[in-house]
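Participant: What follows is a structure written as structure tokens; I'll ask about it next.
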Amino acid sequence: MTPSAEPPPDSAPAPEAAPAVSAPAEAPPRRPIAARLLSDRAAIGYLLILVATILFSANNNLAKEAYRHGVSVDTVLVGRSWFLVPLLCLWFAARRTWPAVPRGMAGWLVLGAILFSVNGWSLLSAFDRMSVSLAILVFYLFPFMVGLLAAALRIEPLRPAMAIGLVVAFAGLYLALDTEGELHPMGVVLALVSALAISGNILVSGKLMRHGMSPVAVAFWMVLGSSILYGGTLAASGGFHWPNSTTGWAAFAGTIVFICAAFVMFYGALNFLREARTALVMNLEPIFTIVMAVALFGEAFGGTQWLGAALVVLAIFGVALAGRKG
């Protein structure tokens, strides 16, 4: 066995190779703000519901303008409901589903459709008798009515935030409705009836959804039922009353297009946001409605009324935020 040769004593060890320095990785290109927003589900949801709220507010004011040009309340209601039913049918056809009714819920569904119809007729009739801004403020008592009815029916206890919000909202309404000549008692009654009807509809809809119905399915049956009921009121009132001017036709068409687009965006937002967040943004509707009514149609709104409107909106947002934290 041959011994291995040793290096000479004066030889130095071979120097270690210097570690390779890797080139710095290039940062990924920064995406445009629009691309980042479109990839954020929450951002898409908030954008959809914000646009839907603006469209709902525009629809309120356009309905008022349509009345000024000869259109009847029943014509507006039938026009938009008969347009919405096929639209929702297309929704279910695209998803290859059908909105089945849970067993034992048919009676509740009929009650919900009647309340939904009363809500639509009463609110649009209120617009025909008083300013849109004041009618929508009275109508937006419905979140508090829902809380009171839920407590009375032992569905949910009455929270302190709800009670405080109700007091603040009533104080705001007292200031907002302090106007001369513009206030119509029957208009106030109709707006209150509308608020009470939609409150009952919300409670019934909640019961239906707890039995497995989706929000879109509930909406479909409500709109279908209302289209039948509105057809009956239209026949009783003497049939269609069409616009008598180009402006009237534009306003009438706008109510149909805007309400349908708002419905699509509203239910689209529910796919990206939770119901509570969607409802929170919807509370901007009184603000948008009032601003549009003042800017587009010159509705009178003094300093005291602005203060009252602000109190109502703050009460609505306060109760909604307290509900999210609770």
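The values are calculated or read from the model by the stated rules, or taken from the named source; none is laboratory data. Here the structure is a predicted model, which is why all the values come from computation and not from measurement. For neighbour counting, all protein chains shown are included, and Cβ atoms are generated from backbone atoms with ideal geometry for every residue, glycine included.
Participant: Go through the stretch 148-166 and count every residue that is surrounded by fewer than 18 Cβ atoms within 10 Å (Cβ to Cβ) and free of Cβ contacts under 8 Å to residues at least 60 places away in the same chain. Steps first, answer last, please.
Facilitator: Applying the first criterion (surrounded by fewer than 18 Cβ atoms within 10 Å (Cβ to Cβ)) to the stretch 148-166 yields 148-149, 151-160, 163-164.
Now restrict to residues that are free of Cβ contacts under 8 Å to residues at least 60 places away in the same chain: 148-149, 151-158, 160, 163.
So the count comes out to 12.
Participant: Okay, next question. Within the stretch 129-146, does at least one residue satisfy the condition of being among the β-branched types (Val, Ile, Thr), closer than 26 Å to Val312 by Cβ and in contact with a Lys or Arg (Cβ under 8 Å, 6 or more places away or on another chain)?
Facilitator: We begin by selecting, within the stretch 129-146, every residue among the β-branched types (Val, Ile, Thr); these are 132, 136, 138, 146.
Subsequent filtering for residues that are closer than 26 Å to Val312 by Cβ retains 132, 136, 138, 146.
With in contact with a Lys or Arg (Cβ under 8 Å, 6 or more places away or on another chain) added as a condition, the list becomes 132.
Within the stretch 129-146, one or more residues are among the β-branched types (Val, Ile, Thr), closer than 26 Å to Val312 by Cβ and in contact with a Lys or Arg (Cβ under 8 Å, 6 or more places away or on another chain).
Participant: Kindly indicate the residue of the stretch 105-115 that is touching a residue at least 40 places away in the same chain (Cβ under 8 Å) and closer than 14 Å to Ala217 by Cβ and also surrounded by the fewest Cβ atoms within 10 Å (Cβ to Cβ) among those meeting that condition.
Facilitator: Here is the first cut: in the stretch 105-115, the residues touching a residue at least 40 places away in the same chain (Cβ under 8 Å) are 105, 108-115.
Narrowing the set further to residues that are closer than 14 Å to Ala217 by Cβ leaves 105, 108-109, 112-113.
Working: Met105: 18, Trp108: 16, Leu109: 22, Gly112: 24, Ala113: 22.
The qualifying residue surrounded by the fewest Cβ atoms within 10 Å (Cβ to Cβ) is Trp108.
Participant: Of the residues that make up the stretch 237-252, is at least one among the hydroxyl-bearing types (Ser, Thr, Tyr), buried (at least 18 other Cβ atoms within 10 Å of the Cβ), within 17 Å of Gly79 (Cβ to Cβ) and modelled with pLDDT of 90 or more?
Facilitator: No: zero hits.
Participant: Please work out which one of (1) surrounded by fewer than 18 Cβ atoms within 10 Å (Cβ to Cβ); (2) under 18 Å from the mean Cα position of the chain (by Cα); (3) not small (Gly, Ala, Ser) is the condition Pro102 fails and give its number.
Facilitator: Unmet condition: (2).
Participant: When the stretch 225-240 is examined, which residues are found to be touching a residue at least 24 places away in the same chain (Cβ under 8 Å) and either in a helix (DSSP H, G or I) or closer than 11 Å to Phe116 by Cβ (or both)? Outline the logic, then answer.
Facilitator: Start the filter on the stretch 225-240 by keeping residues that are touching a residue at least 24 places away in the same chain (Cβ under 8 Å), which leaves 225-227, 229-231, 233-234, 237, 240.
Within the stretch 225-240, Gly225, Ser226, Ser227, Leu229, Tyr230, Gly231, Thr233, Leu234 meet the criteria.
Participant: Within the bounds of the stretch 85-97, is there any residue that is farther than 16 Å from Ala251 by Cβ and among the polar types (S, T, N, Q)? Before you say what the answer is, go through the steps one by one.
Facilitator: Filtering the stretch 85-97 down to residues farther than 16 Å from Ala251 by Cβ leaves 85-97.
Retained after the next criterion (residues that are among the polar types (S, T, N, Q)): 97.
Yes, the conditions are met somewhere in the stretch 85-97.
Participant: Another question, then. Checking the condition of a type in the set (Asp, Glu) and modelled with pLDDT of 55 or more, which residue from Asp10, Asp74 passes? Full working, then the answer.
Facilitator: Values: Asp10 fails: modelled with pLDDT of 55 or more.
The conditions single out Asp74.
Participant: For the stretch 249-296, which positions are of a type outside the set (Lys, Arg) and not in a helix (DSSP H, G or I)?
Facilitator: Across the stretch 249-296, the qualifying residues are Asn271, Phe272, Leu273, Asn283, Leu284.
Participant: For Met145, indicate whether it is in contact (Cβ under 8 Å) with a residue 24 or more places away in the chain, out of contact with any strand residue (DSSP E or B) (no Cβ under 8 Å at 6 or more places or on another chain) and not in a helix (DSSP H, G or I).
Facilitator: Values: in contact (Cβ under 8 Å) with a residue 24 or more places away in the chain: yes; out of contact with any strand residue (DSSP E or B) (no Cβ under 8 Å at 6 or more places or on another chain): yes; not in a helix (DSSP H, G or I): no.
Spelling it out, it is not the case that Met145 is in contact (Cβ under 8 Å) with a residue 24 or more places away in the chain, out of contact with any strand residue (DSSP E or B) (no Cβ under 8 Å at 6 or more places or on another chain) and not in a helix (DSSP H, G or I).
Participant: Pairs, please: C-beta under 9 Å, at least 6 apart or cross-chain, first residue over 25 Å from Glu156 (Cβ atoms) and touching a residue at least 12 places away in the same chain (Cβ under 8 Å) and in the stretch 182-206, second surrounded by fewer than 18 Cβ atoms within 10 Å (Cβ to Cβ) and aliphatic (A, V, I, L, M)?
Facilitator: What qualifies is Glu182/Ala300; Leu183/Leu177; Val188/Leu177.
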